[in-house]
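One structure below.
The values are calculated or read from the model by the stated rules, or taken from the named source; none is laboratory data. In this text, all values refer to a predicted model and were calculated from it rather than measured experimentally. Every residue, glycine as well, gets a Cβ built from its backbone with ideal geometry; the counts of neighbours run over all protein chains shown.
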Amino acid sequence: MQGSATASVAGACLLLCCSFGIAQEWSRFRGPNGSGVSSSPATWTEQDRLWKVKLPGKGLASPVLWGKRLFITSGDAKTEERTIFCLDAKDGRTLWSHNLPVAKYRQHPDNSFASGTPTVDEKHVYVPWASPKDYLIVAYEHAGAEKWRVDLGPFQSGHGFGCSLIVHDGLVIVPHEHEGKSALVALERDSGRKRWEAPRRSKTTYATPCVYQPKGKPAELIFTSYEHGVTSVDPRTGATNWEIDVFDKRHIETTIASTLVAGDLLIGCSGWLGVRKEVIAVHLPQPGDKPRVAYKITRGSPLVPTPLVKDDLLFLWEDEGVITCLDAHTGKAHWQERMDGDYYASPICAGRRLINITRGGELVVLAAGKQFAEVSRFSLGEGSFSTPAIGGDTLYVRTFHHVHAFAGMNRDNR
């Protein structure tokens, strides 16, 4: 394991959700602030399936949840339609759906027309749709009426679309970093009016931003990209608070895995298959201080799956199935094991259990501890590139053509 610490990590344990509560809503990609961590103590087996619903076409986006409503997207290459579904979280019934046309376009064979994860708040669900001709953000009320839509222009990438949204302080935050004119955009959630636009020199970037809340200071939006490194943005104005260039510029990379704030550390990823993949831990600056690199990991680093921090443990779930558990403060490895299967989905955590899904559609559960232990695995019946969601004691899983709900049991989860 290459994890040389360039500075010691001070402070107490890393508290992932201290500023964001433990609500049952799973409102964005990877849940509360993108941490992937749920307070639910439940565990799930194949026998716990509550319902399974087939959707048209294919979907790669993750489900999001608000109250009793589950939102998920699908894209059908045959009919050239994209669809947002609102399902009853209890039984999977379709409460409403809306279709949008899309002309076929070139993208990676593993991609689909429905790969950007929506975000939801108490008012609306905000859905990203993009093609080489348009980048639509569409807001729907929970009851199904369209509230507004905005076209940000083309999204140009040989691999296709895959960006996800967040909502913060009344603003829909939209990454628009591609092979064209790149920018970060903030839209007012009630009207879709553009509040600000911050130009970027980034190429195609798929990382979802997150929020950093310094003590006694306003919140900051955190973005990562290969070209910029780590950037802190003022959510009120779009102005850059600070930036640190952290990724290796000796070769091409791209940023796919999302940004993670854990206590006073930020975890960011970048890389390129067959070239180099790197995970960077950055000390988030305190008042009067500057950000600095804490450590770098290049062995066993993921390209697509986002890392996860549980208490003081950092878990890296690499694309080809190498899983590494490290000390989150120092980057020192506790264990590293290779599992069967390849992965696009990102791990999530419920209690003391890590959950992820292989590209072939096996749901894998590991112990989230300093000792490696495989708890269980079972087949979902078809492939999946989507990250699961948790609402209460229910696990929601998106496979290519279905949505599954598993009603959890409060089994021993120590």
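Could you say whether any residue in segment 273-281 is within 20 Å of the chain's Cα centre (by Cα) and surrounded by fewer than 23 Cβ atoms within 10 Å (Cβ to Cβ)? Even if it seems obvious, please write down each step before you answer.
Kept after step one, since they are within 20 Å of the chain's Cα centre (by Cα), are these residues of segment 273-281: 273, 277-281.
Now restrict to residues that are surrounded by fewer than 23 Cβ atoms within 10 Å (Cβ to Cβ): 273, 278.
Yes; the residues of segment 273-281 include at least one that is within 20 Å of the chain's Cα centre (by Cα) and surrounded by fewer than 23 Cβ atoms within 10 Å (Cβ to Cβ).
Tell me the residue from Asp48, Asp88 that is out of contact with any His (no Cβ under 6 Å at 6 or more places or on another chain), in contact (Cβ under 8 Å) with a residue 40 or more places away in the chain and among the charged types (D, E, K, R), please. Give the steps one after another, and end with the answer.
On the way: Asp88 fails: in contact (Cβ under 8 Å) with a residue 40 or more places away in the chain.
Sole residue among the options that is out of contact with any His (no Cβ under 6 Å at 6 or more places or on another chain), in contact (Cβ under 8 Å) with a residue 40 or more places away in the chain and among the charged types (D, E, K, R): Asp48.
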Fill in: Enumeration of residues in segment 93-109 that are surrounded by fewer than 19 Cβ atoms within 10 Å (Cβ to Cβ) and either at pLDDT 95 or above or among the aliphatic types (A, V, I, L, M) (or both)
Arg93, Thr94, Leu95, Trp96, Ser97, His98, Asn99, Leu100, Ala103
Worksheet item: Does any residue in segment 177-188 that is more than 19 Å from Glu220 (Cβ to Cβ) come within less than 7 Å, Cβ to Cβ, of a residue that is of a type outside the set (A, V, I, L, M) and assigned to a strand (DSSP E or B) six or more places away or on a different chain, and which pairs are these?
Response: Ser182/His176; Ser182/Arg200; Glu188/Arg195
Worksheet item: In segment 110-126, is there at least one residue being of a type in the set (A, V, I, L, M, F, W, C), more than 26 Å from Pro388 (Cα to Cα), in a loop (DSSP other than H, G, I, E, B) and out of contact with any Leu (no Cβ under 8 Å at 6 or more places or on another chain)?
Response: no
Discussion item. Conditions first: (1) in a loop (DSSP other than H, G, I, E, B); (2) touching a Phe, Trp or Tyr at 6+ places or on another chain (Cβ under 8 Å). Leu363 passes all but one, so which condition is the exception?
Written reply: (1)
Fill in: Those residues of segment 24-58 which are surrounded by fewer than 24 Cβ atoms within 10 Å (Cβ to Cβ) and among the aromatic types (Phe, Trp, Tyr), in sequence order
Trp51
Discussion item. I'm told Leu314 meets every condition in (1) in contact (Cβ under 8 Å) with a residue 24 or more places away in the chain; (2) in a loop (DSSP other than H, G, I, E, B) except one. Can you identify the failing condition by its number?
Written reply: (2)
Fill in: Long-range neighbours under 6 Å by Cβ, at least six apart or interchain, first residue free of Cβ contacts under 8 Å to residues at least 24 places away in the same chain within segment 374-400, second hydroxyl-bearing (Ser, Thr, Tyr)
Glu382/Thr399
Worksheet item: Say we look at segment 353-411 and pick out the residues that are crowded, with 18+ Cβ neighbours inside 10 Å and polar (S, T, N, Q); which of these is nearest to Pro32 (Cα to Cα)?
Response: Thr387
Worksheet entry | Boolean, His334 is of a type outside the set (Ser, Thr, Tyr), closer than 30 Å to Ala77 by Cα and touching a Leu at 6+ places or on another chain (Cβ under 8 Å) | no
Worksheet item: If you check Arg149 against the conditions, is it assigned to a strand (DSSP E or B) and more than 29 Å from Ala219 (Cβ to Cβ)?
Response: no
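Does segment 127-146 hold any residues that are assigned to a strand (DSSP E or B) and either without any contact (Cβ under 8 Å) to a residue 24 or more places away in the chain or not charged (D, E, K, R) (or both), and which are they? Steps first, answer last, please.
Step one: of segment 127-146, the residues assigned to a strand (DSSP E or B) are 127-130, 135-141, 146.
The answer is Val127, Pro128, Trp129, Ala130, Tyr135, Leu136, Ile137, Val138, Ala139, Tyr140, Glu141.
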